[in-house]
Amino acid sequence: MVETLRQKGIGDEAVLKAMEEVPRHWFLDSALDAFAYEDRALKISCEQTISHPSTVAMQSQLLCLQPGMKVLEIGTGSGYQAAILCKMGAKVFSVERQKGLFDKTRALLAELGFRVRCFLGDGYQGLQEVNYGPYDRIIVTCGAREIPKALMQQLKTGGIMVIPLGEEEQEMLRITKNGPAEEEWKVETFGAYSFVPMLDGRQMR
């Protein structure tokens with residue numbers, strides 16, 4: 001899998017090392033073990049998916065992460081992306097809107113020894129009510145219809161947000177916040193992707 005990632009343009013050795021050390025099958029139903037290391041998205045519970053390994057690696061690489069940074073993840077999902085960021089030395093805070101998935105993944109991450117602070121909430125709002133921010137990095141793992149202003153407010157000046165933007169298909173953006181005003185943001189694009197949609201609110205069932 002790691003060699004495939006190299007061929008697809010992943011050159012950050014910290015990302016590659018984390019992808020090598022975190023078994024992807026841990027985050028899947030055992031019935032999918034045979035497909036765990038293929039570069040494909042796979043179904044998880046609550047009608048969600050675990051992203052392609054190349055997508056996880058690309059988003060991780062775009063963060064330009066340094067150990068000790070505080071990272072806010074929107075969309076805990078299976079927990080695989082959060083585990084990769086933990087392995088890279090980040091302090092990870094993750095928001096999931098689906099309660100069933102939140103309960104399952106929070107327990108799994110704890111069982112596997114990954115120290116991720118998990119929250120049930122509305123990803124568009126980030127963690128406004130919890131005094132952990134501002135964040136060095138924000139990663140959104142679902143397709144957003146717009147750049148969430150609340151998330152940009154929770155991002156440090158000089159910080160980076162990686163977000164897939166769009167409804168039917170998304171463009172992967174890396175936004176560097178050089179100041180509070182939108183005209184001060186540096187926006188870079190990194191190709192087309194397909195994610196499950198980012199939805200408002202919390203799902204309590």
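Residues in segment 64-76 that are buried (at least 24 other Cβ atoms within 10 Å of the Cβ) and either hydroxyl-bearing (Ser, Thr, Tyr) or out of contact with any helix residue (DSSP H, G or I) (no Cβ under 7 Å at 6 or more places or on another chain) (or both): 1 in all.
Residues that are under 20 Å from Gly143 (Cα atoms), assigned to a helix (DSSP H, G or I) and touching a residue at least 60 places away in the same chain (Cβ under 8 Å) within segment 61-83 comprise Leu62, Gln81, listed in sequence order. With respect to the stated conditions, Val196 fails to be over 20 Å from Ala82 (Cβ atoms) and β-branched (Val, Ile, Thr).
How about segment 21-41: which of its residues are out of contact with any Asp or Glu (no Cβ under 8 Å at 6 or more places or on another chain), in a helix (DSSP H, G or I) and under 20 Å from Thr76 (Cα atoms)? It would help to see each step written out before you state the result.
Within segment 21-41, the subset out of contact with any Asp or Glu (no Cβ under 8 Å at 6 or more places or on another chain) is 21-24, 26-41.
Restricting the remaining residues to those that are in a helix (DSSP H, G or I) gives 21, 24, 26-27, 30-35.
Glu21, Arg24, Trp26, Phe27, Ser30, Leu32 - these are the residues of segment 21-41 that are out of contact with any Asp or Glu (no Cβ under 8 Å at 6 or more places or on another chain), in a helix (DSSP H, G or I) and under 20 Å from Thr76 (Cα atoms).
The set of residues from segment 42-56 being of a type outside the set (Asp, Glu) and either on the phi > 0 side of the Ramachandran plot or free of Cβ contacts under 8 Å to residues at least 24 places away in the same chain (or both) comprises Leu42, Lys43, Cys46, His52.
Taking (1) at pLDDT below 95; (2) in contact with a helix residue (DSSP H, G or I) (Cβ under 6 Å, 6 or more places away or on another chain); (3) crowded, with 20+ Cβ neighbours inside 10 Å in turn, Ala57 satisfies each apart from (1).
Looking for something closer than 16 Å to Gln48 by Cα, touching a strand residue (DSSP E or B) at 6+ places or on another chain (Cβ under 7 Å) and surrounded by fewer than 20 Cβ atoms within 10 Å (Cβ to Cβ) - is there at least one such residue anywhere in segment 129-143? The answer is no, given that none of the residues of segment 129-143 is closer than 16 Å to Gln48 by Cα, touching a strand residue (DSSP E or B) at 6+ places or on another chain (Cβ under 7 Å) and surrounded by fewer than 20 Cβ atoms within 10 Å (Cβ to Cβ). Taken together, the residues in segment 86-104 that are touching a residue at least 60 places away in the same chain (Cβ under 8 Å) and crowded, with 18+ Cβ neighbours inside 10 Å amount to 4. Across segment 119-131, a minimum of one residue is classified as of a type in the set (A, V, I, L, M) and either in contact with a Cys (Cβ under 7 Å, 6 or more places away or on another chain) or without any contact (Cβ under 8 Å) to a residue 40 or more places away in the chain (or both).
Say whether the condition of being surrounded by fewer than 20 Cβ atoms within 10 Å (Cβ to Cβ), more than 20 Å from Phe195 (Cα to Cα) and among the basic types (Lys, Arg) is met by at least one residue in segment 40-47.
The answer is no, given that none of the residues of segment 40-47 is surrounded by fewer than 20 Cβ atoms within 10 Å (Cβ to Cβ), more than 20 Å from Phe195 (Cα to Cα) and among the basic types (Lys, Arg).
Among what's in segment 84-105 and is modelled with pLDDT of 95 or more and in a loop (DSSP other than H, G, I, E, B), pick the residue that is nearest to Glu13 (Cα to Cα). Among those residues, the one meeting the criterion is Met88.
The values are calculated or read from the model by the stated rules, or taken from the named source; none is laboratory data. Everything quoted here is computed from the prediction, not taken from an experiment. Here the Cβ is made from the backbone with ideal geometry for all residues, glycine too, and neighbour counts use every protein chain on show.
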